[in-house]
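Student: Could you have a look at this structure, given as structure tokens, before my questions?
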Amino acid sequence: WASNSRVDHSLYFGPQGQIWGVMSPDRVRVFNPLNGNLINDLPMKKWVHRNPSVDPLGVRQFDYDDKSTWINNGGGYWHPNDAEPLPEHLADAFPQFEVGDLLMSYRSLNLIFVVSPRSSEIKWWRMGAWRRQHDPDWQSDGSITVFNNNMHLGTSTIVKIDPKTYE
């Protein structure tokens with residue numbers, strides 16, 4: 001099978017075998033690997049509206065007195081580059097999250113966050129501890145590792161962060 005979806009970055013094979021992909025502009029889609037059928041379509045702007053008190057995503061809005069407009073940098077509003085659901089075998093290491101919660105990377109905002117694909121609640125986020133990052137990963141010790149491109153600032157690194165303490 002084939003899909004016309006524009007996959008910008010990595011695909012992730014979820015614990016139930018489904019394929020998670022970051023699409024442009026600014027969506028996460030889940031596909032059945034056997035036939036390519038779309039299982040779920042998650043528009044990222046929905047997360048902004050569902051989290052008014054946690055709004056790192058609103059950085060890409062220009063505000064007027066009566067409305068806001070989105071600023072598009074040509075590759076989408078935030079340049080998402082990874083979406084990985086928390087697998088069941090790592091759930092005990094992350095008691096603050098649920099199996100299936102998505103670990104997301106938004107390159108243009110120097111942001112990673114965890115969001116529930118069911119409720120659209122942003123449960124955790126960190127911005128600015130890396131620059132133009134890619135590929136955050138869940139680790140068995142309860143930490144998250146992030147490939148820090150460190151663009152225009154020197155050598156790339158791997159950053160390890162504890163989502164409970166932010167260290």
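No value in this document is a laboratory result; all are computed from the given coordinates. These numbers come from a predicted model, not from an experiment.
Student: Among the aspartates and glutamates, which have Cα under 13 Å from the Cα of residue 160 when same-chain residues fewer than 8 positions away are ignored?
Tutor: Result set, ordered by chain and number: 135, 137, 141.
Student: What list of ³J(HN,Hα) couplings, whole Hz, do you get for region 88-105 from phi and the Karplus terms 6.51, -1.76, 1.60, once you set θ to phi - 60° and write x for glycine and proline?
Tutor: Each residue of region 88-105 in turn: 4, 5, 10, 4, 5, 6, 10, x, 7, 10, 10, 3, x, 4, 8, 8, 10, 10 Hz.
Student: Give the lysines whose C-alpha is closer than 28 Å to that of residue 164, dropping any in the same chain fewer than 8 places away, or say none.
Tutor: Leaving aside lysines fewer than 8 places away in the same chain, those within reach of residue 164 are 45, 46, 123.
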